[in-house]
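Written below as structure tokens is the structure these notes are about.
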Amino acid sequence: MTCQQLLNSIGLVLSMVGVLIIFRFGPPQPTHDSGVGIGLEDNTPLADGRTVAEHDRDVERTKERYSCMSKVGLALVFVGFAFQLWATWS
């Protein structure tokens, strides 16, 4: 296997992994929330036994995780393309 073939293969694998991550976690999207809703206070218990504050923390952690993973997926796609471009030019 030549150096160009190896670089091209690495680029393809990185791009494929990146696309799978993006498929699972979605690309980062801007929030379009607007309006005012009836809110519950932080210490209000929910049906599952947690409070509103605990629920909000869990939602924020999930949102951060999805945002981070989607950016990792996009980065892998771009790095994969860079490897393929490098293989073409070398």
note = Rounded to one decimal in nm, the spacing of the 7 Å Cα→Cβ label points at Arg50 and Ser90 is 4.7 nm
key: Value of Rg to Rh for the chain (Rh from inverse mean 1/r over Cα pairs, i.e. Kirkwood)   = 1.29
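Quick note: the coordinates plus some simple rules give every number you see, no bench work behind them. For clarity, every value in this text was computed on a predicted model and none was experimentally measured. Cβ: placed from backbone, ideal geometry, glycine included. Neighbour counts: every protein chain shown.
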